[in-house]
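Presented below is the structure to which this report refers.
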Amino acid sequence: MALPHHDGPPGPDELFRSFVRELAVSPERADLLIRLRIGHEPDEHCWCKHPWYAHHWEQHPCPSLRLAQLVDAAAGQDQAEPSPG
C-alpha cells in the first residue's frame, strides 16, 4: 500500500496510519494480533500486567492493545469498502 503523495516526506501520523493499514490487510493479521495481545491483561487496579511494563506503569488498555484495536478497526473498514470494479 503506497503512501499518499506529499510535497515533502510524510509525517509521523501518516506513517503510523500507513503502518496500521498495512497490518490490517496482512494475511498474517490474525496471528500477529493474537501474539500482540498475549499477556496484556489488566490487574486489579487497571494497569497492564505485561512484563514489558515491569519498571513503569502502563494504563490498561496499553499501547499494544490500542494498536491491535486500531488494526482491527482498519480491517473492518477495509472489508466494508466496496472494491473498485
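The table that follows gives values for the structure above.
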| item | result |
| --- | --- |
| For segment 44-53, 3J(HN,Hα) per residue [Karplus equation, 6.51 cos²θ - 1.76 cosθ + 1.60, θ = phi - 60°, Hz, x = Gly/Pro] | 5, 10, 6, 9, 6, 8, 4, x, 4, 9 |
| Amide H partners (placed H, <5 Å) of Trp47, local residues excluded | His60 |
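FYI, it's all coordinate maths here, none of it is from the lab. These figures come from a predicted structure and were not determined experimentally.
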